[in-house]
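Chemist: Here's a structure for you.
Please treat every number below as a calculation from the coordinates, not as lab data. On a predicted model such as this, the values are computed, not experimentally measured, just so you know. Here the Cβ is made from the backbone with ideal geometry for all residues, glycine too, and neighbour counts use every protein chain on show.
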Amino acid sequence: MTTVIGVDVGGTFTDLVLHDAATGEIRIAKRPTTPAAPELGVLAAVDAAVPGELLARCRHFVHGTTVGLNALLERADARTVGLVTTAGFRDVLEIRRGDRDDPYDLFWTPPPPLVPRRLRVEAGERVAADGSVVRPLDPDSVRRAAEHFAAEGVDTVAVVLINSYANPEHELRTAELLREAGFTGPISLSHEVSGEYREYERTCTTVVDAFVRHRMGPYLRNLARELRDRGFTGELLVTRSGGGALTLAEAVARPFETILSGPVAGAAATARLAETLGLPAVVAADVGGTSFDTALIEEARLPLLFQGEVLGLPLQSPWVDVRSVGAGGGSIAYADFGGLLRVGPRSAGADPGPACYPGGGTEPTVTDAALHLGMIPAGRIAGGLDLSPGRAADALAPLAGPTGLAGTDAVAEGVIRIATAHMAQAVRGVTVERGVDPRGTAIVAFGGAGPLFGCLLADELDVDTVVIPPNAGNFSAVGLVQADIVRSAARTLVRPLDAEAPPVIDRMAGALFERLAQDGAVREVHLDLRHRGQEHTLTIPLRPGDDLTAIGARFSEAYHRAFGHRLPDPLEVVTVRATSRVVLDRSRPLVPAPPSAEATAETTHLWSFRERARVEAPVVPRAACTEPVEGPALVIEPTATTYLDAGFTAEAHPSGCLVIKRKDRR
């Protein structure tokens, strides 16, 4: 076993979990996130929980970060990215696919392209889909592009030439010519970023890679240097949007793979927990400071996609299907023009934070509503913040008049119910839309505010079981502690799935694994398949000993589940996908909940959503849950508070989880 640290940067808090393999000791820390310089929050968490001698013994430091995503959100550096593309394809980023994300929104407009038109330059060249050269590369066109970029102050270039996945010769020569012309900044080549067809998606992915590259590289190198200065001698890893982790060098070279680095860790931890508890289907419900993230986990497997989307931009990259909505602890409540109470997606975040925080804002948030209703005990919480019920009430009270609600209690109840409804709708998006009935799942609630909403989500979705994992407030960081090193690559191969296909697929998969080059890795192969004549595909795994009949049957089952019918038409292979996984330490157990210093239970007055009234309820330390706890009650631990409504019972599980059962239906 190896000693490992996991640090997850959220919108409000930065969470740390350390597992000391030598002693079995668990250390946790939660510190406010520092949005302007995220590494400061990371280092503050390290300084708070990890002494120098223990940091020196750590083998891996696994980091989930939102730096790349924040760079896309801010778009502050769009003017510094240039694009070299094939003549005639300059406007691919604006033409997109010609469809509308929301066909019913008359005012919908696509997101602006990451590269303005004046910085998109055409190169004279053309490669056919089979890799043959139709028109040789014109070196002078590339030299002119370099001169133009120098005049415009471009410091990062994306090179996307048509069909370069089939023959990268022209892209490689373009990079050489740019260097010869004096360009010294980072260059992203599309055939290295994505080996797949579809020009818009590949162009967008490469541009995103170039866009976040100059932000991610300095951030990660600076963090690594600061850790070294503190005595860390191990390996810094960064989690991928598709699960697993990249080394520091890989994350710097392929930053687009880290865009959703943070939310994936919670889903991965949920999958491991589902496997441990033997739960066939669970819904991850991660409620943080700015968002609610959810994913459906079936048979302990992550819901993996091979193309994602962020901020309306498609990315050709492995992608755990985590849905997010702006319904977190910091989501701001307000009255709209018609006097209706609304919650989110705008968030108070870490700065200024909810009104009840020291130095917090003036607008009411979900956290303020929960504190006012007694769902959170007043006083100091993890991260060293003292919560003020008075400031929470002062922020909520002004909403009573515009909304016509009868007092602050009614406003606070409305805020919590609306936030719960937003979360439940997101859960339906990952269950009902896939043909899965959420009533047959268990909810795994975590994050700083997740355990507050477990019972409310169970009522909203008609679910009977809620699981609160150990260290619920830091559970995403637990997923980092359990991460493996994962690499992936894909290559488009459009051909019939016939008797001649298997050896071709094997050769292409072998070439991809040779490129991934990981000794002792577990290898996985997936195929994108479709019926001949169709446009879109389904991805299915290949298993040892598969023949054409087995592959076809597996595709037919997946097709039937997705579309409700089967077709007799022959199949085509579109893309071969290879994944290489190095398991770091499968012996790492679920991180147990730390003992609580409190020895006796107290009582409080909290709001029961089922009784629609304030009731007296016990406040029970989680470590003291040796017998079943009947709701209404609060179960407290260092990083989170579990709200137990009337009609629910919580019981400790041998794994360290708290299992909540609903005794009746309403």
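Chemist: Apply the a/c threshold of 1.5 to the C-alpha gyration tensor of segment 331-418 and tell me whether it is rounded, prolate or oblate.
Modeler: Cα axes put segment 331-418 in the prolate bin.
Chemist: Give me the orientation-averaged projected area of the Cα convex hull of segment 204-299, in nm², one decimal.
Modeler: Values: hull surface 31.9 nm².
If I average the Cα hull's projected area over directions, I get 8.0 nm².
Chemist: A further question on this structure: For segment 331-418, what is the charge dipole size about the Cα centre, in debye to the nearest 20, if Lys and Arg each add +1 at the Cβ and Asp and Glu each add -1 at the Cβ?
Modeler: On the way: 5 positive and 8 negative charges, 23 e Å.
Dipole of segment 331-418, to the nearest 20 debye: 100 debye.
Chemist: Only sites in a loop by DSSP and with at most 13 other Cβ atoms within 10 Å count here; which trypsin sites (Lys or Arg not before Pro) in segment 96-202 make the cut? Intermediate results must be reported in sequence, preceding the final value.
Modeler: Details: sites: Arg96, Arg97, Arg100, Arg117, Arg118, Arg120, Arg126, Arg143, Arg144, Arg173, Arg179, Arg198, Arg202; in loops: Arg96, Arg97, Arg100, Arg198.
The qualifying sites are Arg97, Arg100.
Chemist: Sticking with this one: Take the alpha carbon gyration tensor of segment 12-52, find the square roots of its eigenvalues, order them as a ≥ b ≥ c, and report rounded if a/c is under 1.5; if not, report prolate when a/b exceeds b/c, else oblate.
Modeler: Prolate, because a/c is 1.5 or more and a/b exceeds b/c.
Chemist: Test of understanding: given the chain, find the longest segment containing no GluC sites (Glu not before Pro) that are in a DSSP loop and have at most 16 other Cβ atoms within 10 Å.
Modeler: With a cap of 16 other Cβ atoms within 10 Å, the longest stretch comes to 26-298.
Chemist: Something else now. On full extension of the chain, what length is gained from His565 through Ala21, given 0.36 nm per residue of separation minus the C-alpha to C-alpha distance?
Modeler: Full extension from His565 to Ala21 adds 190.7 nm.
Chemist: To continue, here is another question. With N set to the residue count of segment 602-662, report its C-alpha Rg divided by 2.2 N^0.38 Å to two decimal places.
Modeler: 1.06
Chemist: When a/c reaches 1.5 or more, the comparison of a/b and b/c decides; with that in mind, is the chain rounded, prolate or oblate per its Cα gyration tensor?
Modeler: Note, shape of the chain comes out prolate.
Chemist: Can you give the longest run of the chain that contains no chymotrypsin sites (Phe, Trp or Tyr not before Pro) sitting in a DSSP loop with at most 14 other Cβ atoms inside 10 Å?
Modeler: In short, 338-666.
Chemist: Label Glu275 and Glu557 with points 7 Å out from Cα along Cα→Cβ: what is the distance between them in nm?
Modeler: Going from the Glu275 label point to the Glu557 one covers 2.0 nm.
Chemist: Could you calculate the contour length gain from Ala151 to Phe337, that is, 0.36 nm times the residue separation minus the distance between their Cα atoms, to one decimal place in nm?
Modeler: Length difference between fully extended and current span is 62.2 nm.
Chemist: How large is the helix-only mean residue ellipticity at 222 nm for the chain, computed as the sum of -39500 (n - 2.57) over DSSP H runs with n ≥ 4, divided by its residue count, in deg cm²/dmol to the nearest 500?
Modeler: That comes out to -9500 deg cm²/dmol.
Chemist: Taking the Cα-to-Cβ direction at Asp138 and at Arg495 and moving 7 Å from each Cα, how far apart do the two end points lie in nm?
Modeler: In this crude spin-label approximation the distance works out to 3.5 nm.
Chemist: To continue, here is another question. Can you give me the distance in nm between label points at Glu535 and Ala36, each placed 7 Å from the Cα along the Cα-to-Cβ direction?
Modeler: Going by the 7 Å Cα→Cβ label model, 4.8 nm.
Chemist: If you keep only loop residues by DSSP, which trypsin sites (Lys or Arg not before Pro) in segment 292-390 have at most 16 other Cβ atoms within 10 Å of their Cβ?
Modeler: Within segment 292-390, no trypsin sites (Lys or Arg not before Pro) qualify (loop, at most 16 other Cβ atoms within 10 Å).
Chemist: Same structure again: Calculated FRET efficiency, Leu106 and Arg417, Cβ-Cβ r, R0 51 Å, to nearest 0.05?
Modeler: Numbers: r = 30 Å, r/R0 = 0.59.
Efficiency computed from Cβ-Cβ geometry: 0.95.
Chemist: Using the alpha-carbon centroid of each, what span in Å lies between segment 505-541 and segment 16-70?
Modeler: With segment 505-541 and segment 16-70 each reduced to a Cα centre, they are spaced 35 Å.
Chemist: Could you calculate the contour length gain from Val583 to Asp547, that is, 0.36 nm times the residue separation minus the distance between their Cα atoms, to one decimal place in nm? The partial results should precede the final answer.
Modeler: Details: separation 36, 0.36 × 36 = 12.96 nm, distance 2.82 nm.
Taking 0.36 nm per residue and subtracting the Cα distance, the gain is 10.1 nm.
Chemist: Where the only charges are on Cβ atoms (+1 Lys, Arg; -1 Asp, Glu), what is the dipole of segment 602-662 about its Cα centre, to the nearest 20 debye?
Modeler: Using only the charged Cβ atoms, the result is roughly 240 debye.
Chemist: Report, in debye and to the nearest 20, how large the dipole of segment 485-582 comes out about its Cα centre when Lys and Arg carry +1 and Asp and Glu carry -1 on their Cβ. Numbers along the way, then the final one.
Modeler: Numbers: 14 positive and 13 negative charges, 60 e Å.
Using only the charged Cβ atoms, the result is roughly 280 debye.
Chemist: Can you work out the FRET efficiency for the pair Asn222 and Arg75, with r the C-beta to C-beta distance and R0 = 25 Å, to the nearest 0.05?
Modeler: On the way: r = 22 Å, r/R0 = 0.88.
Efficiency at R0 = 25 Å is approximately 0.70.
Chemist: Once you have the alpha carbon radius of gyration of segment 253-294, what is it after dividing by 2.2 N^0.38 Å, with N set to its residue count? Don't skip to the end; give the middle numbers.
Modeler: Values: Rg = 12.5 Å, N = 42, 2.2 N^0.38 = 9.1 Å.
Taking N as the residue count of segment 253-294, the ratio is 1.37.
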